[in-house]
1. Compute the Cα gyration tensor for the range 229-275, then decide on rounded, prolate or oblate, letting a ≥ b ≥ c be the square roots of its eigenvalues: rounded whenever a/c is under 1.5, prolate when a/b is larger than b/c in the other cases, and oblate in all that remain.
2. On a 32 Å Cα-Cα criterion, which of the cross-link pairs Lys263/Lys305; Lys395/Lys433; Lys92/Lys305; Lys41/Lys67; Lys193/Lys293; Lys326/Lys429 come out too long?
3. Given a cut-off of under 8 Å on Cα pairs at least six residues apart, what relative contact order in percent is computed for the range 144-211?
4. Please report, for the Cα atoms of the range 1-103, the Rg to one decimal and the Dmax as a whole number; what are they, in angstrom?
5. Suppose a student asked you for the relative contact order of the chain, using Cα pairs under 8 Å spaced at least 6 residues apart; what percent would you report?
6. In whole Å, what are the extents of the chain along the principal axes defined by its C-alpha atoms, from largest to smallest?
7. Each residue of the range 100-112 in order: what ³J(HN,Hα) in whole Hz does its phi give by Karplus 6.51 cos²θ - 1.76 cosθ + 1.60, θ = phi - 60°, with x for Gly and Pro?
8. Tell me, what ³J(HN,Hα) does each residue in the range 257-274 have, in order and in whole Hz, if you take phi through Karplus 6.51 cos²θ - 1.76 cosθ + 1.60 with θ = phi - 60° and put x for Gly and Pro?
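Each value in this text was obtained by applying a stated rule to the coordinates, not by laboratory testing. A quick note: this is a predicted structure, and the numbers were derived from the prediction, not measured. We place every Cβ from the backbone using ideal geometry, glycine too, and count neighbours over all the protein chains shown.
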Amino acid sequence: MDEFFRLVAELVEASKMHERYRGEECINLIASEGLKSPAVKEMLMLSMDLESRYAEGENDLKGHVKKRYYQGQKYITVIENCVTDLIKMLFKCNWADVRLVSGTHANLATFKGLSLAAKNNKMVVTPLSCGAHISHDYTGLAGMVLGLVNIDHAYNVEEMNIDPEKSAGIIRATKPGIITFGGSLFLFPHPVKELRDVADEVGAYIVYDAAHVLGLIAGGVFQDPLREGADFVTSSTHKTFPGPQGGLILGNLKDERTEKAIKKIQHAIFPLSTSNTHLGRLPALGIAALEMKVFGAELARQTVKNAKTAGQYFYEKGLKVLGESKGFTESHQIAVDVREYGGGGVIAERLEEANIILNRNILPYDDQSNRENPSGIRIGFQDVTRRGFGEEDIKHLCDLMLQIIKGEREPSEVRKDVIELRKEFPEVKYGFKSVEEALKYIGA
Ligand code: DSN
C-alpha cells in the first residue's frame, strides 16, 4: 500500500482501538479527565455544522454576543447566549464567557486582562511543586508568554494547603496585581475567604482556577469561590464537570473595578487570543450544565466520598497517603507517596500494564528535577464514580492496585480482573441517556 494511504489506515485503526482500550477496557483514574454522558456525546454529534463555523467578535457586559464580524450568525448567537446564561445561572454569577477553548486559554485571557486592569505584573501563585497548574507558573504561560512575575504563596505540606497567615504577609510585602488559587494537585479548599481582605488592602484581583473542581462546585461541595471572595473563576469544562473539552471564565460585574477587569479580559479573549472559538462544543456544554443541575449534587458527594474511602483504605494498608491530618482529601483526588515501592513513574507504568490509568506526580518535597520518577501518584475518582462505583467497589479496585504496588501479583495477571471489574459498570450514571431523555425531563 502507498505509504500515505497506509498511514491513514493506521490512523483509523488506532482511533478505533483507542476507543475500545480507554473507553471499555481500562479503569481511568487521571484526575484531570472527565466522562461524558450519552446525551452530551449525542449533542456533540448533532452539532457538526457548528463545528465548522466562525463567530469572531465582541461580547457585552452580560457576556452576550454584541458584535460579530461574520454573516450566518442567526442561530449561533442564540446558542452562545443560551449557554452563557445557563452557565451564569448554574454558578450564580452575572457574567460568564464560554468562548475559551481550554482552561489554559481561560487563564491566559484572565491573567492578561487583569494584569492590564491592575497595571501590575506581579502574581502570587501556589508553587508548581505544591499543585499549581503549569499555566500559573513562571516556567509556563504566566512567565514565558505573559511576562508575569511569580511570587509563591506560603504552603503547608502537612496540611497540603496554602498557609493563609504567611501568605497574607507575602501579599502585603509584595503587593501583587493578581492572587491565584486552585490548581492541579488540589486536595483541600484554598483559603480564599481568609485572604480576601488582604487582596483588597493591596488592590489585587483574586483568580480561582477551578478546572479540577468545577463539577464539585456545581454540586455544592468543596468550596464556593465566588461567594468566598474570588473575583474570577477560570476553568476547563471536562474534568469533574463532565462536559466537552473547552474552557470558561465566571465573574460578577459589581462596580467600576470589576467592569474594567471584565472589559480587559474580553479584549484578551478577542482579539488578543482567539479566532475560532470551537462552537461545536457549546450545545453539549449546555446539556452537561443541565446534568450538573439535576444530578450534580449527588455525583459530587459520591465522588468525594469515593476519594476519601480510597485515601483511608490505602492508608490502613500501609501506604503513605498525603493530607492524613485532614482526612486525605475533600476533592475528587488523592496523592500517594510510592517512593518505597519504586516511585511514581515506575508504579504508574506497572498500573498501566494492568489497564489502570493514572499519572505520576511531583510531590512538594520531591527533587523538582526528577519528573520521570517522582515520589507520587495522583488518583482521581470522578470517572469511576460516574460509572457507578460505590465505596465497596472502590475498595476492591484499591486491592487490585495494592497487589501491583506491593509487587504481590504480576500486572498482566491483574489486568484480567481489571477488565472484568470494568465490565460490571457498562453505563454512565448521573446523566441522561439521550438528548430526547433530557428534553423529556425538562418538559420540552
Ligand atoms: N495538566 C492537567 C492535569 O492533569 O492536571 C490539567 O491541565
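1. In terms of gyration-tensor shape, oblate.
2. Lys263/Lys305
3. Once normalised by length, the contact order is 33 percent.
4. 18.9, 58
5. 22
6. Extents along the principal axes: 62, 55, 51 Å.
7. 6, 8, 6, x, 5, 5, 4, 5, 4, 5, 6, 5, 4
8. Running phi through 6.51 cos²θ - 1.76 cosθ + 1.60 with θ = phi - 60° gives 5, 6, 5, 4, 5, 4, 4, 5, 5, 4, 5, 5, 6, 9, x, 5, 9, 9 Hz.
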